[in-house]
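Read the structure below first, then the notes.
The values are calculated or read from the model by the stated rules, or taken from the named source; none is laboratory data. Here the structure is a predicted model, which means the values were calculated and not measured. Positions of Cβ are backbone-derived with ideal geometry, glycine not excepted, and every protein chain shown enters the neighbour counts. Heads up: the accessible areas ignore ligands, DNA and RNA and are worked out on the full protein's heavy atoms, side chains in. Shrake-Rupley method; radii C 1.70, N 1.55, O 1.52, S 1.80 Å.
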Amino acid sequence: KGFKFSEYHEPPNETKIKWSMDCAEAQRQPDKRIVVTQARYRTFRVTGEGEMAVEAPQCVYDPDRKTLSSAGPIHAQTADGSFTIDGEGFLWRQTNSTLFVSNRVHTTLRPELAAKERSAPSGATPTPRGPAVDIFSDQFEYGQTTGKAVYENNVRVAGTNLTATAGRLTVLMPVAERQLQSITAEQRVVVDYEQIHATGDWAFYSEETGLVQMKGQPTWRFEQEDGSGDELVFDRTN
């Protein structure tokens, strides 16, 4: 009861914790795997700052393969709260900091929180591009090292004045930079923004420019007008 696992960074930072896991109870199995309840797994940078936190009511820790897995629910988020995810059925690989979620995925992106976190040392006023965005899908994969999150099957995006659906969605949000960089949608993309309805096979949003590009026989409709082209570009800034 009240068990804790931990591992330290490689030299010369061997005195600083790389990851730790607290749990209410741990039971070792004959195959050396450990069943833990009320688990909370956290990763840290060499500076001591938190990176990711993963929580699960029950999961299995495999010390040989360095994995955490469960068929039950999971909640994970970045230390600043700008990226959260909930779902059912997951696998976390410690060796490459990769998270897989297999069912009922729900992510919330809050770029304004990351902006506040980045501006805190200098006291500057953050200027985030927009409010929170919710993403739903059947499956999910996230690589902490690359900062790439991939959503697949029945992907749905919901935000202020924005809804979208696609077969696959890729979000680039590096943990180190704590900033949303881009969103790419593929496979039967449908976007409704303000009063504009658009469709295509591919769409790309850049947080830096605020532009949304659509390709793959894109079409658009605005009130009583409609059209098509090789490429559509929406400028969210104006």
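Let me confirm something: among 96, 103, which residue is in contact (Cβ under 8 Å) with a residue 40 or more places away in the chain and surrounded by fewer than 21 Cβ atoms within 10 Å (Cβ to Cβ)?
Working: 103 fails: in contact (Cβ under 8 Å) with a residue 40 or more places away in the chain.
Of 96, 103, the one residue that is in contact (Cβ under 8 Å) with a residue 40 or more places away in the chain and surrounded by fewer than 21 Cβ atoms within 10 Å (Cβ to Cβ) is 96.
Within the group 223, 208, 194, 141, which residue is closer than 23 Å to residue 104 by Cα, open to solvent by 30 Å² or more (accessible area, probe 1.4 Å) and either in contact (Cβ under 8 Å) with a residue 12 or more places away in the chain or of a type in the set (A, V, I, L, M, F, W, C) (or both)?
Numbers: 223 fails: closer than 23 Å to residue 104 by Cα; 208 fails: closer than 23 Å to residue 104 by Cα; 194 fails: closer than 23 Å to residue 104 by Cα.
Among 223, 208, 194, 141, only 141 is closer than 23 Å to residue 104 by Cα, open to solvent by 30 Å² or more (accessible area, probe 1.4 Å) and either in contact (Cβ under 8 Å) with a residue 12 or more places away in the chain or of a type in the set (A, V, I, L, M, F, W, C) (or both).
What is the residue count in segment 35-89 for residues that are in contact with a helix residue (DSSP H, G or I) (Cβ under 6 Å, 6 or more places away or on another chain) and either at pLDDT 90 or above or not hydroxyl-bearing (Ser, Thr, Tyr) (or both)? Walk me through it before giving the result.
As a first pass, look at segment 35-89 and keep what is in contact with a helix residue (DSSP H, G or I) (Cβ under 6 Å, 6 or more places away or on another chain): 80-82.
When the remaining residues are screened for being either at pLDDT 90 or above or not hydroxyl-bearing (Ser, Thr, Tyr) (or both), the result is 80-81.
So the answer is 2.
Condition first: within 14 Å of residue 23 (Cα to Cα) and either open to solvent by 30 Å² or more (accessible area, probe 1.4 Å) or free of Cβ contacts under 8 Å to residues at least 12 places away in the same chain (or both). Now tell me which residues in segment 53-68 satisfy that. Matches in segment 53-68: 55, 57, 58, 60.
Can you report the number of residues in segment 74-93 which are of a type in the set (A, V, I, L, M, F, W, C), open to solvent by 20 Å² or more (accessible area, probe 1.4 Å) and part of a strand (DSSP E or B)? First the steps, then the outcome.
Taking segment 74-93 as the starting set, the residues that turn out to be of a type in the set (A, V, I, L, M, F, W, C) are 74, 76, 79, 83, 85, 90-92.
With open to solvent by 20 Å² or more (accessible area, probe 1.4 Å) added as a condition, the list becomes 79, 91.
Add one more test, that the residue is part of a strand (DSSP E or B), and what stays is 91.
Looking only at that region, the number is 1.
The set of residues from segment 173-191 being crowded, with 17+ Cβ neighbours inside 10 Å, under 16 Å from the mean Cα position of the chain (by Cα) and of a type outside the set (D, E, K, R) comprises 173, 175, 179, 180, 183, 184, 185.
May I ask you to verify whether residue 166 is under 24 Å from residue 225 (Cβ atoms), at pLDDT 90 or above, in a strand (DSSP E or B) and among the small types (Gly, Ala, Ser)? Break it down stepwise before answering.
On the way: under 24 Å from residue 225 (Cβ atoms): no; at pLDDT 90 or above: yes; in a strand (DSSP E or B): yes; among the small types (Gly, Ala, Ser): yes.
Against the criterion (under 24 Å from residue 225 (Cβ atoms), at pLDDT 90 or above, in a strand (DSSP E or B) and among the small types (Gly, Ala, Ser)), residue 166 does not qualify.
The residues in segment 25-42 that are surrounded by 12 or more Cβ atoms within 10 Å (Cβ to Cβ) and more than 16 Å from residue 70 (Cα to Cα) can be counted, and the count is 1. Take the residues of segment 226-238 that are part of a loop (DSSP other than H, G, I, E, B) and open to solvent by 60 Å² or more (accessible area, probe 1.4 Å): which is farthest from residue 195 (Cα to Cα)? By that ranking, first place goes to 230.
Only residues that are part of a strand (DSSP E or B) and either over 21 Å from residue 95 (Cβ atoms) or without any contact (Cβ under 8 Å) to a residue 40 or more places away in the chain (or both) were counted across segment 8-52, and they come to 20.
Which condition from (1) under 30 Å from residue 50 (Cα atoms); (2) polar (S, T, N, Q); (3) open to solvent by 30 Å² or more (accessible area, probe 1.4 Å) is the one that residue 170 breaks? Only one criterion in (1) under 30 Å from residue 50 (Cα atoms); (2) polar (S, T, N, Q); (3) open to solvent by 30 Å² or more (accessible area, probe 1.4 Å) is unmet by residue 170, namely (3).
If you go through segment 144-163, how many residues are in a strand (DSSP E or B) and either open to solvent by 10 Å² or more (accessible area, probe 1.4 Å) or farther than 30 Å from residue 45 by Cβ (or both)?
Start the filter on segment 144-163 by keeping residues that are in a strand (DSSP E or B), which leaves 148-159, 162-163.
From what is left, the residues that are either open to solvent by 10 Å² or more (accessible area, probe 1.4 Å) or farther than 30 Å from residue 45 by Cβ (or both) are 148, 150, 152-159, 162-163.
Residues in segment 144-163 being in a strand (DSSP E or B) and either open to solvent by 10 Å² or more (accessible area, probe 1.4 Å) or farther than 30 Å from residue 45 by Cβ (or both): 12 in total.
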